[in-house]
Every structure is written in C-alpha cells, then in structure tokens.
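Below is one structure; the comments refer to it alone.
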Amino acid sequence: MEEQFYILLPLLLLALWKLRGRVTQALPLLALAITSATLMATLSTEGVDPTRIYFGSDTHTFGLLLGAAIACLLRPAATKLGDIAPSRPGPLGQSIAAAVALAGFATLAWLSLTLVEGSPASFQGGFQLATIASLAVIVAVTRPGVWVGRALDAQPLRWIGERSYGIYLWHWPLLLIIAGAGAPWSDTPAEIWVVGGFTLLATFGIAALSYRFVEQPVRRLGIRASVRGFLGAFRRVGSSKPTREGASLADASSGCLPSPRHLS
C-alpha cells in the first residue's frame with residue numbers, strides 16, 4: 001500500500017500543480033464545506049433540535065459549497081479560436097462514467113429507502129453521503145461526450161430538470177395545503193394517494209408557470225427589469241403602447257428568446 005502511495009503521489013502533485021489556480025479557488029470552499037458537514041454531525045450527537053440542524057445555514061450549506069468547489073475544479077479551460085475541441089472519452093472512460101453515475105444513483109436510492117426523516121443517522125453521515133453521491137453523478141454525467149449524460153438529457157427528464165428548482169420550491173407548501181384541506185378522503189386508506197397525486201399535479205403546474213413567467217424573465221433581464229416589466233404591464237391595461245421593459249418581459253416569458261444551453 002505504501003509503495004502504491006509513493007508511486008501515485010507524484011502524479012497527484014502534478015495534477016494539483018496543473019490545476020493550481022482552480023485548487024486555490026476551491027480550497028476555501030472545501031474547508032467551509034467540511035466545517036459545515038462536521039458541525040451538522042456534531043450538533044446531532046449533542047442532541048440539538050433536528051429542525052435547527054436542518055434549517056441552519058451553518059450546518060446545511062456544505063452541499064452548495066462542495067458543488068461550487070467542484071465547479072471551480074472542473075470548469076472548462078479558456079480556449080482560443082481554432083483550438084481543437086476536447087475528444088470524447090473512449091470505451092474505458094464511458095464505462096467509468098456510467099459506473100460512477102450508477103453507484104451514485106444506487107446510493108441515493110438506498111438512502112431514500114433507509115434513512116428516517118430527522119433521525120440522528122440522517123445528520124451523522126446521511127446528508128453528507130447523499131451530497132457526495134449527488135456530486136459523483138453530476139461529475140460523471142457532465143463529462144463531455146459520455147452517453148450516460150446524453151441519456152439523462154432526453155425529454156421528459158430535461159423538462160423536469162429545467163424546472164427542478166420550482167418543483168423543489170413549491171412541493172412542500174402545496175403538500176401542507178392539500179393535506180390540511182379537510183377533504184372527504186381525509187383519514188381514509190386512499191388519503192396518501194389522493195393527496196400525493198393532487199400535490200404532484202399542482203406542483204408541476206405551478207412550477208411550469210413560475211419557470212416561464214418568473215425564472216426566465218429574471219434570468220434574461222435581471223430582477224429590476226423584470227419587476228419594472230411586471231409593474232408596467234399592470235399600468236398598461238387598456239393602453240396600446242408597451243414599455244420597453246414590458247415588451248422585453250413579454251418576449252422572455254413567451255420563449256421568443258432561446259434559452260442558453262448552459263442554463264438548462
């Protein structure tokens with residue numbers, strides 16, 4: 001084992017040297033991520049309220065921080081006109097990418113079936129492992145030219161991915177509202193299926209609307225121009241002369257401007 005370590009050490013140092021600029025940017029993010037993940041586990045062992053641990057910015061930001069660190073390490077290098085495009089990975093690279101993605105998905109599936117919500121295990125390794133598995137999948141499927149990435153880019157998965165933030169944002173309040181509505185199916189065996197079905201439909205519908213009329217205008221125009229456009233649209237009721245921001249907002253909302261590939 002020691003001999004293998006000393007053989008691989010020069011290769012590791014060489015890789016770090018070639019990526020020294022990116023490593024310098026990623027190291028602070030990695031340090032903060034490790035601190036956040038460790039704090040989550042530590043507070044859980046001390047018996048702190050699970051709600052505090054889950055919603056604490058200091059204890060639950062390691063996923064974002066690790067994602068930002070990976071982005072720094074794997075961002076495409078600046079190229080000049082005429083540079084040769086990166087070649088697609090061969091059979092071995094394709095197999096490795098598929099295996100890593102499969103292992104990541106399998107880990108996430110296992111965690112979703114075994115972890116109990118709010119349990120000590122979820123904070124003492126569960127969330128941390130889920131984050132690592134998610135990052136492994138992201139790194140594997142975003143490598144240029146891998147077939148597993150192209151497979152996941154197919155519809156309707158692409159449609160869901162583009163609206164994933166809205167789906168995440170809306171599902172919980174909608175679930176609480178629908179579950180607490182006191183409908184005839186309450187306290188019946190069918191309740192979980194009816195509530196889940198209505199929540200799913202409402203979540204996808206509202207997420208689609210927020211993606212088109214909120215997210216896309218903000219992405220293309222910015223927050224200030226989007227707000228001005230919305231306010232201008234209300235003021236223009238009955239008027240035939242749209243404002244500049246309102247016209248741009250209408251274009252963005254209707255999909256007249258193509259969505260950049262990297263935002264998808």
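Residues that are more than 17 Å from Ile70 (Cβ to Cβ), at least 3 per element: which helices (runs of 4 or more DSSP H) completely within region 103-187 meet that? Answer list for region 103-187: 147-152, 157-162, 164-179.
Checking each residue in region 120-131 for being open to solvent by 20 Å² or more (accessible area, probe 1.4 Å) and free of Cβ contacts under 8 Å to residues at least 24 places away in the same chain picks out Ala121, Leu129, Ala130. Please find, among Ile34, Ile53, the residue that is open to solvent by 60 Å² or more (accessible area, probe 1.4 Å), at pLDDT 60 or above and outside any loop (DSSP other than H, G, I, E, B). Being open to solvent by 60 Å² or more (accessible area, probe 1.4 Å), at pLDDT 60 or above and outside any loop (DSSP other than H, G, I, E, B) holds for just one of Ile34, Ile53, which is Ile34.
If I filter region 147-184 down to residues being buried (at least 17 other Cβ atoms within 10 Å of the Cβ) and under 14 Å from the mean Cα position of the chain (by Cα), which single residue comes out as nearest to Ala202 (Cα to Cα)? Going through the qualifying residues, I end up with Ile167.
The values are calculated or read from the model by the stated rules, or taken from the named source; none is laboratory data. All of these numbers come straight from a predicted model, not from anything done at the bench. A quick note on method: Cβ atoms are made from the backbone with ideal geometry, for glycine too, and the neighbour counts reach across all protein chains shown. These area figures cover heavy atoms from the full protein model, side chains too; ligands, DNA and RNA do not enter into them. Shrake-Rupley method; radii C 1.70, N 1.55, O 1.52, S 1.80 Å.
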